[in-house]
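A.B. asks: Dumping the structure here so I can ask a few things about it.
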Amino acid sequence: MILRRLPQHVKDQNWIAVVLDFVIVVAGILIAFQISSMAEKRGEVAQFDRQMEALKVEMTENLDRYEIAVDRIRDQYESITALRELLADPESAATEAEINNLFYKSIGVIGIYTKRNSLDVALSSELFVESNAAELIDQIEQWEEKLAQLNRVQQDALNFRDNIMHAHFSETLAYASILGATGIAEGRIAPSRFENSREELSQDRVLDNILAGRQLSTFQDLVYINDLVEQTHEIIASSKSLNARH
């Protein structure tokens, strides 16, 4: 309507009306632009909030996994410690079944799996980079470092198990007896014709070295995963705080 009146006002040389029409048109454009910018900003804030919520949920899931792993690794560490103590003490009244059970617990490397899809999405987002979340970014960098340390220790433990531990265990231990003591071999494999002689095992220096290595690696697992748990708590708290501010 205004744009249709403008040529007529110019033709009539009604300059006041021309100026008023021009001001109205420019004001309308500016208002429309402002409304569009506000809607875009609200959309960005909503997207950022979704990213922070997804990050918080993912880290909470990781925290649950870590805390379950801590219990399992602590049990393994205590089992390996008890096994070394039993083999070193000829007066111990432990049965062969108890020793075999401890051997079984000492063999596996407990995997710790971390989800990070939402983290990677957040880190690649311009919204996250522009959010002035310096504290959260620092926390994530520390979390990444602790996760890398844990992964390295776990990989070392796997290499140790596959290349050193299994080779010696297959020569010195009766695996079927170990599995029989746990009950998982029942109905699957025939009972072993061999036993794990406590006297022979207690004199096996290589075996003790291997168990000492596993004891150390599980202790390192506990240290690094507890650090990771603490750092994950901090990320969850910071992501909640950022979410609340936007």
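The values are calculated or read from the model by the stated rules, or taken from the named source; none is laboratory data. Predicted model, so just to flag it, every value in this text is computed and none were measured. Backbone-built Cβ (ideal geometry, glycine too); neighbour counts: all protein chains shown.
Each row is one residue, and each column tells you yes or no for (1) part of a helix (DSSP H, G or I); (2) touching a Ser or Thr at 6+ places or on another chain (Cβ under 9 Å); (3) at pLDDT 90 or above; (4) not hydrophobic (A, V, I, L, M, F, W, C).
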{"site": "Gln139", "(1), (2), (3), (4)": "yes, yes, yes, yes"}
{"site": "Trp143", "(1), (2), (3), (4)": "yes, yes, yes, no"}
{"site": "Leu147", "(1), (2), (3), (4)": "yes, yes, yes, no"}
{"site": "Asn151", "(1), (2), (3), (4)": "yes, yes, yes, yes"}
{"site": "Gln154", "(1), (2), (3), (4)": "yes, yes, yes, yes"}
{"site": "Met165", "(1), (2), (3), (4)": "yes, yes, yes, no"}
{"site": "His168", "(1), (2), (3), (4)": "yes, no, yes, yes"}
{"site": "Ile178", "(1), (2), (3), (4)": "yes, yes, no, no"}
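A.B. asks: Taking the range 88-119, which residues are more than 24 Å from the chain's Cα centre (by Cα) and either free of Cβ contacts under 8 Å to residues at least 24 places away in the same chain or farther than 15 Å from Phe169 by Cα (or both)?
C.D. replies: Selection gives Ala88, Asp89, Pro90, Glu91, Ser92, Ala93, Ala94, Thr95, Glu96, Ala97, Glu98, Leu102.
A.B. asks: Would you tally the residues in the range 104-127 being of a type in the set (Ser, Thr, Tyr), closer than 30 Å to Asn159 by Cα and surrounded by 15 or more Cβ atoms within 10 Å (Cβ to Cβ)? Steps first, answer last, please.
C.D. replies: First, the residues of the range 104-127 that are of a type in the set (Ser, Thr, Tyr): 104, 106, 113-114, 118, 124-125.
Narrowing further to those that are closer than 30 Å to Asn159 by Cα: 104, 106, 113-114.
The next check asks that each one be surrounded by 15 or more Cβ atoms within 10 Å (Cβ to Cβ); those that pass are 104, 106, 114.
So the count comes out to 3.
A.B. asks: With respect to Thr81, is the statement that it is at pLDDT 85 or above, hydroxyl-bearing (Ser, Thr, Tyr), in a helix (DSSP H, G or I) and more than 16 Å from the chain's Cα centre (by Cα) true?
C.D. replies: On the way: at pLDDT 85 or above: yes; hydroxyl-bearing (Ser, Thr, Tyr): yes; in a helix (DSSP H, G or I): yes; more than 16 Å from the chain's Cα centre (by Cα): yes.
It is true that Thr81 is at pLDDT 85 or above, hydroxyl-bearing (Ser, Thr, Tyr), in a helix (DSSP H, G or I) and more than 16 Å from the chain's Cα centre (by Cα).
A.B. asks: Now for a separate question. Do we find a residue being without any contact (Cβ under 8 Å) to a residue 40 or more places away in the chain and surrounded by 13 or more Cβ atoms within 10 Å (Cβ to Cβ) anywhere in the range 150-163?
C.D. replies: At the first step, the residues of the range 150-163 found to be without any contact (Cβ under 8 Å) to a residue 40 or more places away in the chain are 151-152, 155, 159, 162-163.
Those left that are additionally surrounded by 13 or more Cβ atoms within 10 Å (Cβ to Cβ): 151.
Yes: one or more hits.
A.B. asks: Give the residue, chosen from Leu201, Leu216, Leu222, Leu179, that is touching a residue at least 60 places away in the same chain (Cβ under 8 Å) and within 30 Å of Trp143 (Cα to Cα).
C.D. replies: On the way: Leu201 fails: within 30 Å of Trp143 (Cα to Cα); Leu216 fails: touching a residue at least 60 places away in the same chain (Cβ under 8 Å); Leu179 fails: within 30 Å of Trp143 (Cα to Cα).
Exactly one of Leu201, Leu216, Leu222, Leu179 is touching a residue at least 60 places away in the same chain (Cβ under 8 Å) and within 30 Å of Trp143 (Cα to Cα), namely Leu222.
A.B. asks: Do we have Glu171 as touching a residue at least 24 places away in the same chain (Cβ under 8 Å) and at negative phi here?
C.D. replies: no
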